[in-house]
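**Student:** Quick one: this structure, given as structure tokens, is what I'll be asking you about.
The values are calculated or read from the model by the stated rules, or taken from the named source; none is laboratory data. Note that the coordinates shown come from a computational prediction; the quantities given were computed from them, not determined experimentally. Heads up, the Cβs are rebuilt from the backbone with ideal geometry, glycines too, and the neighbour counts pull from every protein chain shown. These accessible areas exclude ligands, DNA and RNA; they are computed on the full protein's heavy atoms, side chains included. Shrake-Rupley method; radii C 1.70, N 1.55, O 1.52, S 1.80 Å.
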Amino acid sequence: MDFDLTDEQRQVRDEVRRFAENEIKPDATEYDTEEKYPREIVEQAAEIGLTGANIPVEYGGVGYDTLTNAIIAEELFAADPGIGLCIQSTAFGADALVGFGTEEQKEAFLEPVATGDAIMGAAISEPDVGSDVSSVSTRAEKDGDEWVINGNKMWITNGSIGDYFVVLCKTDPEAEGRYNGFSQIVVEADRDGFEADKITGKLGIRASDTAELILDDVRVPEENLVGTRGAGFLQLMQFFDETRTGVAAQAVGIAKGAAERALDYAEDREQFSKPISEFQAIQHKLSEMHTQVEAARMLTYKSAWSVDNEDDQLTMLASMAKEFASRVAVEVADEAVQIHGGAGYVNDFDVERFYRDAKITQIYEGTSEIQKNIIARELLGKGMT
Amino acid sequence: MKVLVTVKEVTAVDDEFEIDGLGIDDRYVTADLNEWDEYAVEEAVQLSESLDDVEVVTVTIGPSDAEETIRQALAKGADRAIRVWDDALDDDAMLDPATKARLLAAVAEQEDPDLILTGVQSADDSLGATGVTLADQLGTEWAAVVNALDLDAQAGVAHVHRELEGGVEELTDVELPAVLTIQTGINDPRYASLRGIRQAQSKELAEKTLADIGLDATALDSPIEQTALYEPESEGGATLYEGTPEETAGELAGLLAERGVGQ
């Protein structure tokens, strides 16, 4: 057993940290308050390969494994969760294309994302469909050599700025079994009938673009179908373990960012003629926060390592990592604000933003409750029902 | 064409620190690529991107711990690296500029570069003399504190701007082979790309002893020895002017005139 990162992983971590410190941190508050998409920063990130970190080398990416991508996520989110998400989400939905796409689809859709020329997204949730993914009602019907798509997609990351989306649709409503009859179809944003409504007023990750997609008789060519018709739900499920591990890494980053800022502040802030870090009440908080971060990181690393090496144990680990790390993010951000006192309640300090940003990690990519259901299901040896 | 870039791993010290013998206690230091060398590496890599057949080689004097820093330069586009180290060299001992230049000159004689770029100075020792001493030992031309470089490879001439004191710039031509000491701000150093970091792992990083570069321990003989390290006593003497810019500027101008700075 070896707990050391490789030289290459350390180098990636240090360079991403340098990038994040210099290019992300200074403007993070501005993008948060204005709910503005940080296009220039995403372009800069693309130049050094951050938008294609998990896209295979043959399609212009770097092809890093899940663990190295987790390290990247941690560093980006420790600088700013909102902008970090903008950078990492440019390839949302790419895993379906990598796993099931045709050669033509990979070339057309993966390469532009890796080079920073395009932004993509995954469209799963609907106004009435959250955790219960199998009740997706967006309909795609075949008409000649085209798919005609109708429905609304909700909470779609990159919705109003993305170039194309992998959309989960119902193609075969008469199929037997609740997981059958769905398909993943690429829908370009410039198709007639495609409309995106930006959602504003989010609690956190406000730099990240979120929108509702309205698909009204949108026609796409039949070759936009990804993988097998009717197997979309099962294709999607294949990557949940990986994407949940990714959210766990985001949460570790948020927790780390909050814990580091709390430590700095505690050493700086003086009360009763000494730094508040001299008080045991604060010391114990700092100890617990940093211990939690390390524990969450180890669970996340093990899950990430399992994606690449040992996927028999993966499903339970990924849910454990996601549930635990997101809880740690919320708790550590809470304590970080507490240590900052009044100063942490306004956005002069980053911890105010981290407190708001942390919450999403308990919600997206499967809520904490769904993660616990999965852990229990695995423990009790029950299959999907 | 070959460009040799000298790269040093420097020590950055925390705001609060403790002195341990002749150095700073390890707990308060971190290692990093010297800032000036970062600009020198970038300048060399830009040359290799704009001209055909340019090889960029870095040379470092340092123990194996310095390899992570050297890989940074490789990740940013240097083609290969040389690291000089020997049992006769002590981790903590200070090397004076003449000694360093002797070692670097021995490497330069083996590599025979057309152009050598060094940083103006290192961020830790800040002696600022290694580059020009190296040129002196090699008997080549040099230009110090270069903040703009336009290389005419065909003619073998570097048109440079040198930063002089008082905001004055000297425009001069230097014939190759030459040593240029590079000033910060000459370019905008890139981040290493993920792809660059990946490629850097398999680039050549050659380790050379003194014997490998044709020297022996006598090359380290130096008339300069570090005898102590201490923190200078600081005195509080800051004057803080408060008020509108118009008021404070006037007060500041008055002080400067009184002390003979402004005329």
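**Student:** Sort out which residues of segment A:356-385 are polar (S, T, N, Q) and not assigned by the TED database to the domain that holds A:ALA318, and write them in order of number.
**Tutor:** Of the residues in segment A:356-385, the ones polar (S, T, N, Q) are A:361-362, A:367-368, A:371, A:373, A:385.
Result: A:THR385, single match.
**Student:** If A:ASN69 meets every condition in (1) over 20 Å from A:ARG18 (Cβ atoms); (2) assigned to a helix (DSSP H, G or I); (3) open to solvent by 10 Å² or more (accessible area, probe 1.4 Å) apart from one, which number is that one?
**Tutor:** Every listed condition holds for A:ASN69 apart from (1).
**Student:** Is there a residue in segment A:34-53 that is more than 11 Å from every other protein chain (Cβ to nearest Cβ), at pLDDT 95 or above, over 15 Å from A:GLY116 (Cα atoms) and in a helix (DSSP H, G or I)?
**Tutor:** Taking every residue of segment A:34-53 in turn, at least one turns out to be more than 11 Å from every other protein chain (Cβ to nearest Cβ), at pLDDT 95 or above, over 15 Å from A:GLY116 (Cα atoms) and in a helix (DSSP H, G or I).
**Student:** Another question, if that's okay. Here's a check for you: in segment A:15-31, which residue that is away from every other protein chain (no Cβ under 14 Å) and under 17 Å from A:GLY253 (Cα atoms) is most open to solvent (accessible area, probe 1.4 Å)?
**Tutor:** In the first step, residues of segment A:15-31 are kept if they are away from every other protein chain (no Cβ under 14 Å); the result is A:25-31.
Adding the requirement that they be under 17 Å from A:GLY253 (Cα atoms) leaves A:25, A:28.
Working: A:LYS25: 64, A:ALA28: 1 Å².
Once the filter is applied, the top-ranked residue is A:LYS25.
**Student:** A further question on this structure: From (1) touching a Leu at 6+ places or on another chain (Cβ under 9 Å); (2) open to solvent by less than 70 Å² (accessible area, probe 1.4 Å); (3) not aromatic (Phe, Trp, Tyr), pick out the condition that doesn't hold for A:LYS302.
**Tutor:** The failed condition is (2).
**Student:** Next up: Please return the ranges of strands (runs of 3 or more DSSP E) entirely within segment B:162-235 where 1 or more residues are surrounded by fewer than 19 Cβ atoms within 10 Å (Cβ to Cβ).
**Tutor:** B:169-175, B:205-208
**Student:** May I pose another question? Kindly evaluate A:LYS198 against the criterion of being basic (Lys, Arg), outside the structural domain of A:ALA94 (by the TED database) and closer than 30 Å to A:ILE41 by Cα. Step through it out loud before you land on a result.
**Tutor:** On the way: basic (Lys, Arg): yes; outside the structural domain of A:ALA94 (by the TED database): yes; closer than 30 Å to A:ILE41 by Cα: yes.
For A:LYS198, the condition - basic (Lys, Arg), outside the structural domain of A:ALA94 (by the TED database) and closer than 30 Å to A:ILE41 by Cα - is met.
**Student:** Then there's this: Among what's in segment B:76-99 and is among the hydrophobic types (A, V, I, L, M, F, W, C) and open to solvent by 10 Å² or more (accessible area, probe 1.4 Å), pick the residue that is nearest to B:VAL57 (Cα to Cα).
**Tutor:** Within segment B:76-99, the subset among the hydrophobic types (A, V, I, L, M, F, W, C) is B:78, B:81-82, B:84-85, B:88-89, B:93-95, B:98.
Those left that are additionally open to solvent by 10 Å² or more (accessible area, probe 1.4 Å): B:85, B:88-89, B:93-95, B:98.
Details: B:TRP85: 17, B:ALA88: 25, B:LEU89: 23, B:ALA93: 26, B:MET94: 25, B:LEU95: 22, B:ALA98: 22 Å.
By that ranking, first place goes to B:TRP85.
**Student:** Within segment B:163-175, identify whether any single residue is in contact with a helix residue (DSSP H, G or I) (Cβ under 9 Å, 6 or more places away or on another chain) and at pLDDT 95 or above, and answer yes or no.
**Tutor:** Going residue by residue through segment B:163-175, those that are in contact with a helix residue (DSSP H, G or I) (Cβ under 9 Å, 6 or more places away or on another chain) are none.
No: zero hits.
**Student:** Out of the residues in segment B:185-207 that are among the charged types (D, E, K, R) and more than 10 Å from chain A (Cβ to nearest Cβ), state the one that is farthest from A:THR115 (Cα to Cα). Steps first, answer last, please.
**Tutor:** Start the filter on segment B:185-207 by keeping residues that are among the charged types (D, E, K, R), which leaves B:188, B:190, B:195, B:198, B:203-204, B:207.
After this cut, where a residue has to be more than 10 Å from chain A (Cβ to nearest Cβ) as well, the list is B:188, B:203-204, B:207.
Working: B:ASP188: 21, B:LYS203: 24, B:GLU204: 28, B:GLU207: 36 Å.
Among those residues, the one meeting the criterion is B:GLU207.
**Student:** On to the next question. Is there any pair linking a residue in segment B:57-71 that is within 12 Å of chain A (Cβ to nearest Cβ) to one that is small (Gly, Ala, Ser), with Cβ under 6 Å and at least six apart or on different chains, and which?
**Tutor:** If the second residue must be small (Gly, Ala, Ser), the pairs left are B:ILE70/B:ALA81; B:ARG71/B:ALA200.
**Student:** If you don't mind, another one. Determine the pairs where a residue that is without any contact (Cβ under 8 Å) to a residue 12 or more places away in the chain, located within segment A:54-65, has a partner that is open to solvent by less than 60 Å² (accessible area, probe 1.4 Å) and among the polar types (S, T, N, Q) with Cβ atoms under 6 Å apart, the partner being 6 or more residues away or on another chain.
**Tutor:** Partner pairs satisfying both residue conditions: none exist.
**Student:** Now for a separate question. Test of understanding: among A:ILE83, A:ILE87, which residue is within 25 Å of A:ALA207 (Cβ to Cβ), assigned to a helix (DSSP H, G or I), within 13 Å of chain B (Cβ to nearest Cβ) and modelled with pLDDT of 95 or more? Please lay out each step first, then the result.
**Tutor:** Working: A:ILE83 fails: within 13 Å of chain B (Cβ to nearest Cβ).
The unique qualifying residue is A:ILE87.
**Student:** How many residues, within segment B:85-131, are over 16 Å from the mean Cα position of the chain (by Cα) and among the β-branched types (Val, Ile, Thr)?
**Tutor:** 1
**Student:** A further question on this structure: Residues in segment A:130-166 that are more than 19 Å from A:LYS202 (Cα to Cα), part of a strand (DSSP E or B) and among the hydrophobic types (A, V, I, L, M, F, W, C): how many?
**Tutor:** If we filter segment A:130-166 for residues that are more than 19 Å from A:LYS202 (Cα to Cα), which is where we start, we get A:131-152, A:163-166.
Adding the requirement that they be part of a strand (DSSP E or B) leaves A:139-143, A:146-152, A:164-166.
Pick out the ones that are also among the hydrophobic types (A, V, I, L, M, F, W, C) and you get A:140, A:147-149, A:165-166.
Residues in segment A:130-166 being more than 19 Å from A:LYS202 (Cα to Cα), part of a strand (DSSP E or B) and among the hydrophobic types (A, V, I, L, M, F, W, C): 6 in total.
**Student:** Take segment A:314-348 and flag every residue that is within 18 Å of A:GLU378 (Cβ to Cβ) and either of a type in the set (Asp, Glu) or outside any helix (DSSP H, G or I) (or both).
**Tutor:** A:GLU323 - this is the single residue of segment A:314-348 that is within 18 Å of A:GLU378 (Cβ to Cβ) and either of a type in the set (Asp, Glu) or outside any helix (DSSP H, G or I) (or both).
**Student:** Another one. Suppose we filter A:GLY253, A:GLY342, A:GLY257, A:GLY246 for residues that are among the small types (Gly, Ala, Ser) and open to solvent by 40 Å² or more (accessible area, probe 1.4 Å); which single one remains? Please lay out each step first, then the result.
**Tutor:** On the way: A:GLY253 fails: open to solvent by 40 Å² or more (accessible area, probe 1.4 Å); A:GLY257 fails: open to solvent by 40 Å² or more (accessible area, probe 1.4 Å); A:GLY246 fails: open to solvent by 40 Å² or more (accessible area, probe 1.4 Å).
Among A:GLY253, A:GLY342, A:GLY257, A:GLY246, only A:GLY342 is among the small types (Gly, Ala, Ser) and open to solvent by 40 Å² or more (accessible area, probe 1.4 Å).
**Student:** Could you grab the pairs with beta carbons closer than 7 Å, sequence gap of 6+ or different chains, first residue in segment B:111-126 and more than 16 Å from B:ARG80 (Cα to Cα), second one at pLDDT 95 or above and among the acidic types (Asp, Glu)?
**Tutor:** Note: pairs meeting the criteria are B:GLY119/B:ASP37; B:ALA123/B:GLU35.
**Student:** Now, a different point. May I ask you to list the residues in segment A:281-299 that are of a type outside the set (A, V, I, L, M), closer than 17 Å to A:ALA321 by Cα and open to solvent by 60 Å² or more (accessible area, probe 1.4 Å)? First the steps, then the outcome.
**Tutor:** Pass one, segment A:281-299, residues of a type outside the set (A, V, I, L, M): A:283-285, A:287-288, A:290-292, A:294, A:297.
Adding the requirement that they be closer than 17 Å to A:ALA321 by Cα leaves A:290-292, A:294, A:297.
A:HIS290, A:THR291, A:GLU294, listed by residue number.
**Student:** Cβ contacts < 9 Å: first residue without any contact (Cβ under 8 Å) to a residue 40 or more places away in the chain and closer than 14 Å to A:VAL167 by Cα, restricted to segment A:187-203; second residue open to solvent by less than 30 Å² (accessible area, probe 1.4 Å) and part of a loop (DSSP other than H, G, I, E, B), any location; separation 6+ or different chain. Result?
**Tutor:** Once the first residue is without any contact (Cβ under 8 Å) to a residue 40 or more places away in the chain and closer than 14 Å to A:VAL167 by Cα and sits in segment A:187-203, its partners that are open to solvent by less than 30 Å² (accessible area, probe 1.4 Å) and part of a loop (DSSP other than H, G, I, E, B) give A:ALA189/A:GLY159; A:ALA189/A:GLY162.
**Student:** Now for a separate question. Across segment A:228-237, what is the number of residues that are buried (at least 21 other Cβ atoms within 10 Å of the Cβ) and assigned to a loop (DSSP other than H, G, I, E, B)?
**Tutor:** So the count comes out to 0.
**Student:** Does segment B:42-49 contain at least one residue that is in contact (Cβ under 8 Å) with a residue 60 or more places away in the chain, closer than 22 Å to B:LEU220 by Cβ and not hydroxyl-bearing (Ser, Thr, Tyr)?
**Tutor:** Checked segment B:42-49: no residue is in contact (Cβ under 8 Å) with a residue 60 or more places away in the chain, closer than 22 Å to B:LEU220 by Cβ and not hydroxyl-bearing (Ser, Thr, Tyr).
**Student:** Another one. Restricting the first residue to segment A:285-306 and requiring it to be within 16 Å of A:VAL247 (Cα to Cα), which pairs with a second residue that is open to solvent by 50 Å² or more (accessible area, probe 1.4 Å) meet a Cβ separation below 7 Å and a spacing of at least six or different chains?
**Tutor:** Filtered contacts from segment A:285-306: A:ALA296/A:PHE324; A:LEU299/A:MET320; A:LEU299/A:PHE324; A:SER306/A:GLN313.
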